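The values are calculated or read from the model by the stated rules, or taken from the named source; none is laboratory data. Small disclaimer: the values here were computed from a predicted structure and weren't measured. As a convention, Cβ positions derive from the backbone with ideal geometry for all residues, glycine included, and neighbour counts pool all protein chains shown.
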Amino acid sequence: MKNYIAIEAKNIVTQFGQSVIHDEVSFKIQRGEIFGLLGGSGSGKTTLLREMIMLQKTSGGQMLVLGTDVMKISSKMAQKLRQKWGVLFQFGALFTSLTILENVMIGMREYTNLPDWIIEESALMKLSMVGLPPKVANMYPSELSGGMKKRAALARALALDPKLLFLDEPTSGLDPQSARTFDELIVTLRDTLGITVVMVTHDKDTMANVLDRFIILGNKKVLFEGNMELLKQTRDDELKKFLS
Ligand SMILES: Nc1ncnc2c1ncn2[C@@H]1O[C@H](COP(=O)(O)OP(=O)(O)OP(=O)(O)O)[C@@H](O)[C@H]1O
Ligand SMILES: [Mg+2]
């Protein structure tokens, strides 16, 4: 059964100095699921995501990612595990001095011994996978629209064929139409690649149309875990705010 769980947070406590951000936060993310981290600003969504990808240490509890406790891992294992996920950060910047193709190639150059022409072919394939035309390969980030930049950053996150994809507010800053197209892309990628997607979002449309399940963080705790159907049945005023 354990195999069906991609990520399990067990009683996670996070503290910055005197201030407690998470007080025994627990939840499970199934493999192949598009899972949302929701909550008000400052509720600790980004911090929780950073803890999953080993950019932030927890103060207590266990974070199991693909069956491995990321707090008790050797640096060699950590290096291996990092190659199993791709990340699109909240302000996920591409390297401005590199072309789009070079941006996508960067991880493969670092982590594989493949010859450059194979890396290039593979990067071109990733660009087409996210719906970017081949001509953008030799363009620089400044020459692309916001939506195209997000796609390029997504292609880079997919470069090493990850099992997990982490997205922090992927549709923020996009116009509504680009946001919906990006949402559809995420669903298509999950359906075709079978990856597990963990996404921080404020976007009500994304919540309703993309997420299979989600948690809502508040008052340092998990206020809710489940899907939209279940949330609609809530009588809690705090939770009703998330239904718009
Ligand atoms: N490295 C840090 N040192 C001290 N405090 C931090 C640190 N990182 C985050 N915090 C604090 O933890 C709290 C949660 O921050 P976090 O960025 O996780 O919130 P968030 O839910 O992602 O908010 P938003 O929706 O605004 O992005 C905030 O009060 C923030 O100031
Ligand atoms: Mg955040």
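Hey, does segment 63-81 have a residue that's touching a residue at least 12 places away in the same chain (Cβ under 8 Å), touching a helix residue (DSSP H, G or I) at 6+ places or on another chain (Cβ under 7 Å) and within 16 Å of ligand 2 (Cβ to nearest atom)? Checked segment 63-81: no residue is touching a residue at least 12 places away in the same chain (Cβ under 8 Å), touching a helix residue (DSSP H, G or I) at 6+ places or on another chain (Cβ under 7 Å) and within 16 Å of ligand 2 (Cβ to nearest atom). Flag: Leu132 matches the condition of being in contact with a Lys or Arg (Cβ under 6 Å, 6 or more places away or on another chain), in a loop (DSSP other than H, G, I, E, B) and of a type in the set (A, V, I, L, M, F, W, C). Are any of the residues in segment 106-123 within 16 Å of ligand 2 (Cβ to nearest atom) and either buried (at least 18 other Cβ atoms within 10 Å of the Cβ) or among the polar types (S, T, N, Q) (or both)? No, segment 106-123 contains no residue that is within 16 Å of ligand 2 (Cβ to nearest atom) and either buried (at least 18 other Cβ atoms within 10 Å of the Cβ) or among the polar types (S, T, N, Q) (or both). For Val198, the conditions (1) surrounded by fewer than 18 Cβ atoms within 10 Å (Cβ to Cβ); (2) of a type in the set (Val, Ile, Thr); (3) in contact with a strand residue (DSSP E or B) (Cβ under 7 Å, 6 or more places away or on another chain) are fulfilled apart from (1). Listed residues Thr58, Thr46; which is in contact (Cβ under 8 Å) with a residue 12 or more places away in the chain, assigned to a helix (DSSP H, G or I), buried (at least 17 other Cβ atoms within 10 Å of the Cβ) and of a type in the set (Val, Ile, Thr)? Result: Thr46 is the single residue among Thr58, Thr46 that is in contact (Cβ under 8 Å) with a residue 12 or more places away in the chain, assigned to a helix (DSSP H, G or I), buried (at least 17 other Cβ atoms within 10 Å of the Cβ) and of a type in the set (Val, Ile, Thr).
Look through Phe91, Phe95 and report the one residue that is aromatic (Phe, Trp, Tyr), away from ligand 1 (no atom under 16 Å from the Cβ), surrounded by fewer than 21 Cβ atoms within 10 Å (Cβ to Cβ) and assigned to a loop (DSSP other than H, G, I, E, B).
On the way: Phe91 fails: away from ligand 1 (no atom under 16 Å from the Cβ).
Testing whether each residue is aromatic (Phe, Trp, Tyr), away from ligand 1 (no atom under 16 Å from the Cβ), surrounded by fewer than 21 Cβ atoms within 10 Å (Cβ to Cβ) and assigned to a loop (DSSP other than H, G, I, E, B) leaves just Phe95.
Pairs meeting the criteria (first residue in segment 20-34 and without any contact (Cβ under 8 Å) to a residue 24 or more places away in the chain, second residue surrounded by 21 or more Cβ atoms within 10 Å (Cβ to Cβ), beta carbons under 8 Å, at least 6 apart or on different chains) are Lys28/Ile7; Lys28/Ala9.
All conditions in (1) modelled with pLDDT of 95 or more; (2) under 22 Å from the mean Cα position of the chain (by Cα); (3) not in a helix (DSSP H, G or I) hold for Lys126, with the sole exception of (3). Of all residues in segment 155-181, exactly one satisfies the criterion of being farther than 16 Å from Arg31 by Cα, of a type in the set (Lys, Arg) and either in contact with a strand residue (DSSP E or B) (Cβ under 8 Å, 6 or more places away or on another chain) or in a loop (DSSP other than H, G, I, E, B) (or both), namely Arg156.
Looking only at residues of segment 220-237 that are assigned to a loop (DSSP other than H, G, I, E, B) and free of Cβ contacts under 8 Å to residues at least 12 places away in the same chain, we find that the one that is farthest from the chain's Cα centre (by Cα) is Arg235.
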